[in-house]
Amino acid sequence: MKKYLTIILVVFFASCKAQNNESTVDFFSLVKNPDYIWTTSYSIEKEDDVTAIYYEFYMKDVHVGQGCIYAISKQFPEKWTIKAVEDPNGNCGDKKNYKPLFYINCAARNFFTENKEELIQNFDVYTFFVDKTDLEGPYKETSESGSAEYYNEKSDSEVIIYKYESGSWVEKGKQKLGDEIPRTFGSKYIEKLAKERIK
């Protein structure tokens with residue numbers, strides 16, 4: 001009886017996972033170089049800027065596809081940017097008298113490297129992903145400094161939108177990418193989300 005119950009539970013959980021369209025890729029694991037975690041700000045209203053954190057990853061580095069991870073604060077007005085500037089902690093506090101953007105970018109990197117629990121708790125994290133089957137290449141580009149390999153999204157490629165929820169990357173939709181790249185597509189999506197939250 002226990003054997004049958006175990007089989008039923010395994011089938012049930014596999015079925016739930018398929019229904020939820022969870023990604024088999026842990027996009028957090030694709031953050032190979034935290035120095036390339038950046039922030040971008042959206043001016044939504046006169047006094048309300050929304051700062052999102054983003055990281056791009058490429059097929060040549062991760063081998064599963066390419067895309068961009070974005071994190072946007074669940075709380076408005078934001079407090080994390082103010083705290084990052086006024087009370088920098090960890091390695092961010094080691095540098096003195098830098099411009100505010102330095103401390104904000106430093107705090108953003110720390111969310112992905114040292115404070116992931118805080119990131120998951122206080123931010124909504126999305127990935128805009130183009131699977132390797134929707135890419136063409138590799139292409140090589142050569143210059144005086146050496147050669148680089150890159151891939152392009154196909155003209156009819158789809159971007160898959162995932163959101164990190166309860167320990168999994170859950171698919172929220174698919175859309176034709178058109179002539180954009182995942183970063184610019186994701187930026188527009190996040191800006192729209194920010195406008196909805198502030199209203």
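Quick check on region 31-45: of everything there that is more than 18 Å from Asn110 (Cβ to Cβ) and without any contact (Cβ under 8 Å) to a residue 40 or more places away in the chain, which residue is surrounded by the fewest Cβ atoms within 10 Å (Cβ to Cβ)?
Ser43
Every residue in region 161-189 that is part of a strand (DSSP E or B), farther than 21 Å from Leu119 by Cβ and in contact with a helix residue (DSSP H, G or I) (Cβ under 9 Å, 6 or more places away or on another chain), please.
Listed by number, the list holds a single entry, Gln175.
For region 84-102, which residues satisfy the criterion of being within 22 Å of the chain's Cα centre (by Cα) and without any contact (Cβ under 8 Å) to a residue 40 or more places away in the chain?
Across region 84-102, the qualifying residues are Ala84, Cys92, Phe102.
Condition check: farther than 20 Å from Tyr36 by Cβ, touching a residue at least 40 places away in the same chain (Cβ under 8 Å) and either of a type outside the set (Lys, Arg) or touching a Phe, Trp or Tyr at 6+ places or on another chain (Cβ under 8 Å) (or both). Does Ser168 satisfy that?
When the stated conditions are applied, Ser168 passes them.
Assess whether Lys83 counts as being part of a loop (DSSP other than H, G, I, E, B) and either open to solvent by less than 50 Å² (accessible area, probe 1.4 Å) or not β-branched (Val, Ile, Thr) (or both).
Considered against the rule, which asks whether it is part of a loop (DSSP other than H, G, I, E, B) and either open to solvent by less than 50 Å² (accessible area, probe 1.4 Å) or not β-branched (Val, Ile, Thr) (or both), Lys83 comes out as no.
Got a sec? Which of Glu78, Glu118 is out of contact with any helix residue (DSSP H, G or I) (no Cβ under 9 Å at 6 or more places or on another chain), among the acidic types (Asp, Glu) and closer than 22 Å to Leu193 by Cβ?
On inspection, the qualifying residue turns out to be Glu78.
If you check Asp26 against the conditions, is it closer than 29 Å to Tyr151 by Cα, acidic (Asp, Glu) and either exposed (fewer than 11 other Cβ atoms within 10 Å of the Cβ) or modelled with pLDDT of 95 or more (or both)?
So Asp26 passes the test.
Filter region 113-140 down to residues that are among the hydroxyl-bearing types (Ser, Thr, Tyr) and out of contact with any strand residue (DSSP E or B) (no Cβ under 6 Å at 6 or more places or on another chain) and give me whichever is least open to solvent (accessible area, probe 1.4 Å).
The selected residue is Thr113.
With the requirement that a residue be in contact with a helix residue (DSSP H, G or I) (Cβ under 7 Å, 6 or more places away or on another chain) and either of a type in the set (D, E, K, R) or surrounded by fewer than 17 Cβ atoms within 10 Å (Cβ to Cβ) (or both), what does region 96-112 give you?
Selection gives Pro100, Arg109.
The values are calculated or read from the model by the stated rules, or taken from the named source; none is laboratory data. Note that this is a predicted model, so its numbers are computed, not measured. Here the Cβ is made from the backbone with ideal geometry for all residues, glycine too, and neighbour counts use every protein chain on show. The protein model used for the area step is the full one, side chains on, heavy atoms only, and it has no ligands, DNA or RNA in it. Shrake-Rupley method; radii C 1.70, N 1.55, O 1.52, S 1.80 Å.
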